[in-house]
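Here the structure comes first, spelled out in structure tokens, and everything after it is commentary.
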Amino acid sequence: MKFGVVVFPGSNCDRDVAYVTRDILGQPTRMVWHQDTDIADLDVIIIPGGFSYGDYLRCGAIARFSPVMQQVIEHAQKGKFVLGICNGFQVLTEAGLLPGVLTKNRDLHFICDRAPLKVVRNDLAWTQAYSSGEVITLPIAHGEGRFYADKKTLAKLEDNGQIVFRYQGDNPNGSLKNIAGICNTTGNILGMMPHPERAADPTLGGTDGLKLFAGLLEKAVMAAGV
């Protein structure tokens, strides 16, 4: 499975993601500059955290118009995998690949902490390595991570089973429905505010995030019949 990690001006978690996919999991990984337009060789596109274009206008608003994003949209429409982490989640909502918006945290403070999450769905390629209802702990670091959508959209997310992760216990940012991560209706696109790549190496104090990447890889191996 070949991974591509999109790099915008202002990305700062791109190398962290590549460390997981390339060095821990041993998978081919290519850094994709935001002006690149050829990603046909990639199976998974990851849009990492950071501050794309300095978060001018609003988070993800300018990155959405980068040349690579049209290719990411087409990649997703083919049923290939796309993961947006933190700022990447914001970019996916701005691009219309996921519903809702990420707004300023409830208390208007930047939050850097670890948060417990409940795995709502474990039947996706992304989450199959987790148990249903399992509580995991992942780092969070954001100033605009409060998920918001209108009532109709929230009802659709619930009805379609698109809520993948919820904050467990205290809600750190005021996200509606305690939403920490959602997917599209077909499940190939995942957006989440917590950072699984920062919890993938024991030296960092936890490996709950590694299961996200390892589960996806296992799904690909099974599909290939290896």
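The values are calculated or read from the model by the stated rules, or taken from the named source; none is laboratory data. Just so it is clear, the structure is predicted and the values come from calculations on it, not from any experiment. Ideal geometry is used to build each Cβ from the backbone, glycine not excepted, and the neighbour counts take in all protein chains shown.
Within segment 55-66, residues that are polar (S, T, N, Q) have Cβ atoms under 6 Å from residues that are at pLDDT 85 or above in these pairs: SER66/HIS34, counting only partners at least 6 apart in sequence or on another chain.
Counting only residues that are in a loop (DSSP other than H, G, I, E, B) and among the aliphatic types (A, V, I, L, M), which one in segment 171-206 is surrounded by the most Cβ atoms within 10 Å (Cβ to Cβ)?
To start, the set of residues in segment 171-206 that are in a loop (DSSP other than H, G, I, E, B) comprises 171-175, 184-188, 193-195, 200, 205.
Next, from what is left, pick out any that are among the aliphatic types (A, V, I, L, M): 193, 200.
On the way: MET193: 32, ALA200: 25.
Here the residue is MET193.
A quick yes/no check of all residues on (1) within 22 Å of LEU102 (Cα to Cα); (2) of a type in the set (Lys, Arg):
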residue	(1), (2)
ARG121	yes, yes
SER131	no, no
GLU144	yes, no
GLN168	yes, no
LYS177	yes, yes
GLY191	yes, no
ARG198	yes, yes
GLY209	yes, no
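If you check GLY191, GLY169, GLY206, GLY187 for being at pLDDT below 95 and either more than 30 Å from ALA155 (Cα to Cα) or within 13 Å of the chain's Cα centre (by Cα) (or both), only one passes: GLY206. With respect to the conditions (1) under 16 Å from the mean Cα position of the chain (by Cα); (2) of a type in the set (Val, Ile, Thr); (3) over 15 Å from ASN184 (Cβ atoms), ILE111 falls short on a single one, namely (1).
Inspect all residues belonging to segment 71-93 and state whether any of them is part of a helix (DSSP H, G or I), aliphatic (A, V, I, L, M), surrounded by 20 or more Cβ atoms within 10 Å (Cβ to Cβ) and modelled with pLDDT under 95. No: zero hits. Taken over segment 117-155, the criterion of being within 16 Å of the chain's Cα centre (by Cα), assigned to a strand (DSSP E or B) and not polar (S, T, N, Q) is satisfied by LEU117, LYS118, VAL119, ILE136, LEU138, PRO139, ILE140, ALA141, HIS142, ARG146, PHE147. Within segment 153-164, being closer than 20 Å to GLU94 by Cβ and not aliphatic (A, V, I, L, M) holds for THR153, LYS156, GLN162.
Pairs are defined by a Cβ separation below 8 Å, a sequence spacing of at least 6 or placement on different chains, a first member in segment 189-201 that is more than 14 Å from PHE89 (Cα to Cα), and a second member that is at pLDDT below 95; the pairs so defined are ARG198/LEU204; ALA199/GLY205; ALA199/GLY206.
Of the residues in segment 140-153, none is farther than 19 Å from ASP55 by Cβ, touching a Phe, Trp or Tyr at 6+ places or on another chain (Cβ under 9 Å) and either modelled with pLDDT under 95 or buried (at least 19 other Cβ atoms within 10 Å of the Cβ) (or both). Checking the stated criteria, LEU117 turns out to be in contact with a Phe, Trp or Tyr (Cβ under 8 Å, 6 or more places away or on another chain) and modelled with pLDDT of 95 or more. Restricting segment 96-116 to residues that are hydrophobic (A, V, I, L, M, F, W, C) and not in a loop (DSSP other than H, G, I, E, B), the residue that is farthest from CYS59 (Cα to Cα) is ALA115.
Within segment 58-69, restricting attention to residues that are within 18 Å of the chain's Cα centre (by Cα) and not in a loop (DSSP other than H, G, I, E, B), the residue that is nearest to THR37 (Cα to Cα) is VAL68.
May I ask you to list the residues in segment 1-57 that are in a loop (DSSP other than H, G, I, E, B), more than 19 Å from ILE189 (Cβ to Cβ) and in contact with a helix residue (DSSP H, G or I) (Cβ under 8 Å, 6 or more places away or on another chain)? Lay out the reasoning, then the answer.
Initial filter on segment 1-57 (in a loop (DSSP other than H, G, I, E, B)): 1-2, 8-10, 12-13, 25-28, 34-43, 48-49, 51, 56-57.
Then drop every residue that is not more than 19 Å from ILE189 (Cβ to Cβ), which leaves 9-10, 12, 25-28, 35-38, 41, 51, 56-57.
Of everything in segment 1-57, those that are in a loop (DSSP other than H, G, I, E, B), more than 19 Å from ILE189 (Cβ to Cβ) and in contact with a helix residue (DSSP H, G or I) (Cβ under 8 Å, 6 or more places away or on another chain) turn out to be PRO9, GLY10, LEU25, GLN27, PRO28, GLN35, ASP36, THR37, ASP38, PHE51.
State yes or no: is ASN87 more than 16 Å from the chain's Cα centre (by Cα), polar (S, T, N, Q) and within 11 Å of GLU144 (Cα to Cα)?
Numbers: more than 16 Å from the chain's Cα centre (by Cα): no; polar (S, T, N, Q): yes; within 11 Å of GLU144 (Cα to Cα): yes.
Here the answer is no, as ASN87 does not meet what is asked.
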